[in-house]
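First comes the structure, then the notes that go with it.
The values are calculated or read from the model by the stated rules, or taken from the named source; none is laboratory data. Please read these numbers as outputs of a predicted model, since none were measured by experiment. Virtual Cβ from ideal backbone geometry, glycine too; neighbours counted across all protein chains shown.
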Amino acid sequence: MRGRRSSRRQQRRDAQLLVFVLVTAAALGLALVVLRWLAAHWWVVVIGLVTAVAAGGAWLYQRGQRAQWEQVRAQGLRYAMPQLDALHHREFEHAVRDLMRRDGCTDARQVGGAGDNGADVKATDPAGRRWVIQCKHRRDGDRGSAVGTPDLHVLNGTARQLHGADVVVLVTNGRFSSKCAPLARSQHIYLVDRRVLGEWAAGGRPIWELLRLLPPPRRPSAMS
């Protein structure tokens with residue numbers, strides 16, 4: 001019995017080796033045919049290379065044009081409050097991110113979503129300060145429900161401890177409840193309500209010029 005099993009294993013190995021040899025030979029034969037054809041039709045290779053180079057150049061040009069357009073768009077970015085009111089809450093976060101980029105925060109990014117731990121937008125301003133922003137969008141603007149202190153508590157508990165914030169901001173296109181302002185002052189959180197947001201979004205001044213008593217710059221020379 002052992003002899004028969006050994007013979008069968010040897011036959012399988014021989015068959016596998018034969019298949020490997022046949023496949024390798026076929027691949028080599030095909031490669032030789034292709035090489036001969038290319039040698040006889042070298043102009044096809046030249047045309048292919050020229051086409052690839054042209055396509056790559058066109059792609060790089062378009063990419064550069066898009067980057068230039070994005071830079072121009074960001075520099076002149078403006079929002080009217082009706083535009084912000086009409087956004088989805090995720091689009092509102094993107095708009096806040098874009099405003100931070102417009103003002104010189106090149107690393108600004110939208111991070112809001114499941115598990116964001118209270119941060120919707122993160123950015124570093126030209127003075128080196130780390131901004132953590134939570135966005136609260138109200139479809140009805142200041143006629144919608146007021147943003148209350150529970151949102152402030154969540155932001156206060158994570159912005160500095162988890163995200164390393166120097167500047168903690170809660171921004172809304174609506175309004176804040178009456179209890180938010182004293183709590184925000186005591187915890188050094190900055191509130192950007194509809195009025196401040198409107199001035200920021202529609203004008204050319206960065207948000208740090210609209211808020212009072214910000215932490216000192218990490219890079220003093222950057223703002224000069």
- [ ] Go through (1) under 30 Å from Arg219 (Cα atoms); (2) touching a Leu at 6+ places or on another chain (Cβ under 9 Å) one by one and return the number of the condition Thr158 breaks.
- [x] (2)
Open item on the list: For the stretch 121-150, give me each residue that is farther than 21 Å from Ala181 by Cβ, free of Cβ contacts under 8 Å to residues at least 40 places away in the same chain and of a type outside the set (A, V, I, L, M, F, W, C).
Closed with: Thr124, Arg130
Task: Given (1) of a type in the set (D, E, K, R); (2) within 30 Å of the chain's Cα centre (by Cα); (3) at pLDDT 80 or above, number of the condition Arg36 does not satisfy - done: (2)
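Say we look at the stretch 83-142 and pick out the residues that are among the β-branched types (Val, Ile, Thr) and closer than 18 Å to His153 by Cα; which of these is nearest to the chain's Cα centre (by Cα)?
Going through the stretch 83-142, the residues among the β-branched types (Val, Ile, Thr) turn out to be 96, 106, 111, 121, 124, 132-133.
Still in the list and also closer than 18 Å to His153 by Cα: 121, 132-133.
Details: Val121: 10, Val132: 15, Ile133: 15 Å.
Per the stated criteria, the residue is Val121.
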